[in-house]
Amino acid sequence: MTTSTERITPPPASPDPRVHAEARPRREWGVVPWLGVAIPGRQSIRVWQRNRDVFLQLWKAEFVPPLLEPLIMFAALGLGLGTYVQLTGDVEYIQFLGPGVIAMFSMFAAVFEALWGAYFRLDKQGTYAAILATPTRPEEITAGEILWAASRGALNAAMIMLVMLALTPAYDLVSSPLALLTVPVAFLAGLSFGALGQAYVSQARSVSQLTYFFSLLVMPMFWFSGGFFPLDEFPAWASTAAWFTPLYHAVEVNRALVTGNVGWSDLGHLAWLVIVVPPLVWLALWTMRRRIVG
């Protein structure tokens, strides 16, 4: 029998499995020591699905720009400026422009998702904090964002291809059924753009800093990827610099697929895109883990 002055010590509380990510031991979250990150699992798909569901709620507004922008580009540059441009051979400028438009506007879609979309989900909307309350690792958030950025790039490529197919009877823009493969190529290149965007977001401390990535990296790729004009006549340093960018290789592969003139060099461009993805994804996983976990 206990007296009124005695205290009964309650049994220790069971550990809460929903403890916040920052309080969990690093190794408990599956970090591979020699990688410095955990291997993303199936929860990455859940993050991708979350972004997809939000997109489907806004699809009417999201579908208009990918249809109008290539039409404006083809009208202003392909039909307007193209009347003053003479290319070697029997290729019209609007035909030369088409594969580049697919690659460039797919890049824009992937970059906007990986930069502005991800930054607002991370810093403004509290989406990442909410996801971390579930059994989801920081690396799975990053991987899901990269997959979603690549998916948006592929979706834009598919919509631009529809525009090009509609214009083909009049301007002969698509010469081969291989052109449909530009959609998976856009997804592959989008993985690179998404990873680069996520790595930069991990260092950005304000939304205004995102414009530096766009101005210093995206716009030079946009103009000097070979999408608007051949790089053969440029100085060697310009062609060499373009070779190190994902967009240049995506443009070259797209041009081969749209025309049907696929050669060994085009397989080399495709191999470049495949090889560069893993290190860029690792960089994004590592830097975003440090930003999210702190």
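Laboratory data are not the source of any read-out in this text; all were calculated from the coordinates shown. Note that this is a predicted model, so its numbers are computed, not measured. No Cβ is skipped: glycine too gets one built from the backbone with ideal geometry, and neighbour counts run over all protein chains shown.
Of note:
- On Cα atoms only, tilt of 93-112 relative to the major axis of the chain in degrees: 10 degrees
- The range 187-294: radius of gyration and largest Cα-Cα distance (Dmax), Å: 15.6, 50
- Angle between the chain longest axis and helix 138-171 axis [Cα atoms, degrees, rounded to 10]: 20 degrees
- Residue-wise HN-Hα coupling along the range 181-188, computed from phi with Karplus coefficients 6.51, -1.76, 1.60 (Hz; x: Gly, Pro): 6, 5, 5, x, 5, 5, 5, 4
- Were the residues from LYS124 through LEU217 laid out at 0.36 nm apart, the gain over their Cα-Cα distance would be 31.0 nm.
- In this structure, the amide hydrogen of VAL37, modeled 1.01 Å from its nitrogen in the peptide plane, lies closer than 5 angstrom to those of VAL32, counting only residues at least 5 positions away or on a different chain.
- Considering the chain at the alpha-carbon level, its Rg and Dmax are found to be 23.6, 103 Å.
- For VAL85 and TRP264, the FRET efficiency from 1/(1 + (r/R0)^6), where r spans their Cβ atoms and R0 equals 35 Å, is about 0.75.
- Computed from Cα atoms, the angle from the helix 264-293 axis to the main principal axis of the chain rounds to 30 degrees.
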